[in-house]
1. Among the residues of the stretch 55-70, are any crowded, with 18+ Cβ neighbours inside 10 Å and farther than 26 Å from Ala142 by Cα?
2. Being farther than 15 Å from Ala79 by Cβ, in contact with a Lys or Arg (Cβ under 9 Å, 6 or more places away or on another chain), among the hydrophobic types (A, V, I, L, M, F, W, C) and open to solvent by 60 Å² or more (accessible area, probe 1.4 Å): is that true of Val24 here?
3. Starting from residues that are part of a loop (DSSP other than H, G, I, E, B) and without any contact (Cβ under 8 Å) to a residue 12 or more places away in the chain, keep the ones in the stretch 96-117 and report whichever is nearest to Leu9 (Cα to Cα).
4. Give Thr40, Thr83 a once-over and let me know the one that is more than 15 Å from the chain's Cα centre (by Cα) and either aliphatic (A, V, I, L, M) or loosely packed, with under 12 Cβ neighbours inside 10 Å (or both).
5. If you take the residues in the stretch 124-147 that are outside any strand (DSSP E or B) and exposed (fewer than 10 other Cβ atoms within 10 Å of the Cβ), which one is nearest to the chain's Cα centre (by Cα)?
Amino acid sequence: MSLAFTEILRGSYFLVESPDVRRVCEVAIHVRISRSALGTPEFAAEITGHASFDRLVAHAPIAGQAQVRFLRPRQVAYAFELTADDGRVLQFAGAKHPSLMRPIYSATTLWGTLSHQGTPVAMVRLHFDLRRDLVAFLQSVAREQNA
(Lines give C-alpha, C1' and ligand atoms only; values in the text may rest on other atoms or scores of the structure.)
Protein backbone atom coordinates (compact mmCIF):
# COMPACT_ATOMS: atom_id res chain seq x y z
CA MET A 1 0.00 0.00 0.00
CA SER A 2 1.04 3.54 -0.60
CA LEU A 3 -0.36 6.98 0.14
CA ALA A 4 -1.07 9.28 -2.80
CA PHE A 5 -2.36 12.81 -3.27
CA THR A 6 -2.41 15.58 -5.86
CA GLU A 7 -1.22 19.09 -5.08
CA ILE A 8 -1.94 21.93 -7.52
CA LEU A 9 0.52 24.82 -7.31
CA ARG A 10 0.11 28.08 -9.20
CA GLY A 11 2.37 31.07 -9.40
CA SER A 12 4.75 33.03 -11.52
CA TYR A 13 8.21 32.79 -12.98
CA PHE A 14 10.69 34.93 -14.82
CA LEU A 15 13.37 34.01 -17.29
CA VAL A 16 16.91 34.68 -16.06
CA GLU A 17 17.56 36.67 -19.24
CA SER A 18 14.55 38.96 -18.62
CA PRO A 19 13.85 39.26 -14.87
CA ASP A 20 11.41 42.17 -15.28
CA VAL A 21 8.88 40.08 -17.23
CA ARG A 22 6.72 37.90 -14.97
CA ARG A 23 4.75 35.03 -16.46
CA VAL A 24 2.21 32.64 -14.97
CA CYS A 25 2.69 28.94 -14.32
CA GLU A 26 0.81 25.97 -12.90
CA VAL A 27 2.07 22.59 -11.75
CA ALA A 28 -0.16 19.66 -10.77
CA ILE A 29 1.95 17.26 -8.74
CA HIS A 30 0.76 13.73 -7.98
CA VAL A 31 2.79 12.42 -5.05
CA ARG A 32 3.04 8.73 -4.16
CA ILE A 33 4.63 7.71 -0.85
CA SER A 34 5.37 4.03 -0.24
CA ARG A 35 4.04 2.48 2.96
CA SER A 36 7.56 1.65 4.15
CA ALA A 37 8.44 5.37 4.10
CA LEU A 38 5.47 6.47 6.19
CA GLY A 39 6.43 7.15 9.78
CA THR A 40 10.12 7.70 9.07
CA PRO A 41 11.71 11.12 9.62
CA GLU A 42 13.21 11.26 6.12
CA PHE A 43 12.00 9.63 2.91
CA ALA A 44 11.62 9.98 -0.86
CA ALA A 45 8.32 10.08 -2.73
CA GLU A 46 7.58 9.61 -6.43
CA ILE A 47 6.30 12.64 -8.37
CA THR A 48 4.27 12.60 -11.59
CA GLY A 49 1.84 15.11 -13.06
CA HIS A 50 1.95 17.97 -15.51
CA ALA A 51 3.15 21.57 -15.73
CA SER A 52 2.46 24.70 -17.75
CA PHE A 53 4.78 27.71 -17.90
CA ASP A 54 3.38 30.54 -20.05
CA ARG A 55 5.28 30.82 -23.38
CA LEU A 56 7.76 28.12 -22.31
CA VAL A 57 5.94 24.84 -21.57
CA ALA A 58 2.35 23.96 -22.52
CA HIS A 59 0.91 21.20 -20.34
CA ALA A 60 3.96 18.91 -20.30
CA PRO A 61 4.16 15.72 -18.23
CA ILE A 62 6.54 15.79 -15.27
CA ALA A 63 8.39 12.98 -13.50
CA GLY A 64 10.71 13.12 -10.52
CA GLN A 65 11.05 12.81 -6.80
CA ALA A 66 10.30 14.65 -3.57
CA GLN A 67 12.67 14.34 -0.63
CA VAL A 68 10.88 14.87 2.69
CA ARG A 69 12.82 15.64 5.84
CA PHE A 70 10.97 16.16 9.14
CA LEU A 71 14.14 16.59 11.21
CA ARG A 72 15.84 19.98 11.33
CA PRO A 73 16.37 21.57 8.96
CA ARG A 74 12.85 20.63 7.86
CA GLN A 75 12.47 20.52 4.12
CA VAL A 76 10.38 19.14 1.28
CA ALA A 77 12.58 19.24 -1.83
CA TYR A 78 11.00 18.77 -5.25
CA ALA A 79 12.99 17.67 -8.31
CA PHE A 80 11.41 16.80 -11.64
CA GLU A 81 12.00 16.98 -15.37
CA LEU A 82 9.77 18.25 -18.16
CA THR A 83 10.15 19.05 -21.83
CA ALA A 84 9.82 22.64 -23.04
CA ASP A 85 7.89 23.50 -26.18
CA ASP A 86 11.20 23.97 -28.03
CA GLY A 87 12.29 20.40 -27.16
CA ARG A 88 14.74 21.22 -24.38
CA VAL A 89 14.60 18.98 -21.30
CA LEU A 90 14.28 21.23 -18.25
CA GLN A 91 14.96 20.30 -14.64
CA PHE A 92 13.00 21.85 -11.79
CA ALA A 93 14.60 21.96 -8.34
CA GLY A 94 12.90 23.67 -5.44
CA ALA A 95 11.92 23.32 -1.81
CA LYS A 96 9.43 24.16 0.88
CA HIS A 97 10.86 24.81 4.33
CA PRO A 98 8.14 24.00 6.89
CA SER A 99 8.38 26.26 9.93
CA LEU A 100 6.37 26.48 13.12
CA MET A 101 6.88 30.26 13.07
CA ARG A 102 5.10 30.63 9.69
CA PRO A 103 3.24 27.33 9.23
CA ILE A 104 0.78 28.32 6.47
CA TYR A 105 3.20 30.30 4.31
CA SER A 106 6.04 27.80 4.66
CA ALA A 107 3.82 24.81 3.88
CA THR A 108 2.18 26.40 0.85
CA THR A 109 5.03 28.23 -0.89
CA LEU A 110 7.56 26.52 -3.17
CA TRP A 111 10.54 28.45 -4.54
CA GLY A 112 12.54 26.84 -7.31
CA THR A 113 14.69 27.05 -10.40
CA LEU A 114 14.15 25.69 -13.89
CA SER A 115 17.46 24.70 -15.47
CA HIS A 116 18.69 23.28 -18.76
CA GLN A 117 21.89 21.20 -18.62
CA GLY A 118 22.80 22.76 -15.27
CA THR A 119 22.29 26.37 -16.40
CA PRO A 120 19.41 28.27 -14.74
CA VAL A 121 16.72 29.29 -17.23
CA ALA A 122 14.00 30.62 -14.90
CA MET A 123 13.25 31.43 -11.27
CA VAL A 124 9.88 30.10 -10.06
CA ARG A 125 7.52 30.89 -7.17
CA LEU A 126 4.62 28.46 -6.74
CA HIS A 127 1.86 28.63 -4.16
CA PHE A 128 -0.82 26.22 -2.95
CA ASP A 129 -4.07 28.22 -2.65
CA LEU A 130 -5.87 26.90 0.43
CA ARG A 131 -9.18 28.60 -0.39
CA ARG A 132 -9.26 27.41 -3.98
CA ASP A 133 -7.65 23.97 -3.81
CA LEU A 134 -7.85 22.53 -0.28
CA VAL A 135 -11.06 20.56 -0.89
CA ALA A 136 -9.70 19.05 -4.13
CA PHE A 137 -6.44 18.22 -2.35
CA LEU A 138 -8.25 16.44 0.50
CA GLN A 139 -10.43 14.55 -1.99
CA SER A 140 -7.31 13.36 -3.83
CA VAL A 141 -5.75 11.71 -0.77
CA ALA A 142 -5.98 7.94 -1.20
CA ARG A 143 -4.40 4.70 -0.19
CA GLU A 144 -3.30 2.75 -3.25
CA GLN A 145 -2.40 -0.88 -3.77
CA ASN A 146 1.21 -1.25 -4.91
CA ALA A 147 1.57 -2.89 -8.29
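1. yes
2. Details: farther than 15 Å from Ala79 by Cβ: yes; in contact with a Lys or Arg (Cβ under 9 Å, 6 or more places away or on another chain): yes; among the hydrophobic types (A, V, I, L, M, F, W, C): yes; open to solvent by 60 Å² or more (accessible area, probe 1.4 Å): yes.
Here the answer is yes, as Val24 does meet what is asked.
3. We begin by selecting, within the stretch 96-117, every residue part of a loop (DSSP other than H, G, I, E, B); these are 97-102, 117.
With without any contact (Cβ under 8 Å) to a residue 12 or more places away in the chain added as a condition, the list becomes 100-102, 117.
Values: Leu100: 21, Met101: 22, Arg102: 19, Gln117: 24 Å.
Among them, the one singled out is Arg102.
4. Working: Thr83 fails: either aliphatic (A, V, I, L, M) or loosely packed, with under 12 Cβ neighbours inside 10 Å (or both).
When all the criteria are applied, what remains is Thr40.
5. Going through the stretch 124-147, the residues outside any strand (DSSP E or B) turn out to be 128-141, 145-147.
Checking which are exposed (fewer than 10 other Cβ atoms within 10 Å of the Cβ) leaves us with 131, 138, 145-147.
Working: Arg131: 19, Leu138: 17, Gln145: 24, Asn146: 23, Ala147: 24 Å.
Going through the qualifying residues, I end up with Leu138.
The values are calculated or read from the model by the stated rules, or taken from the named source; none is laboratory data. Since we're looking at a predicted model, the values are computed, not measured. All Cβ positions, glycine included, derive from the backbone under ideal geometry; neighbour counts span all protein chains shown. Keep in mind that these areas ignore ligands, DNA and RNA; they rest on the heavy atoms of the full protein, side chains included. Shrake-Rupley method; radii C 1.70, N 1.55, O 1.52, S 1.80 Å.
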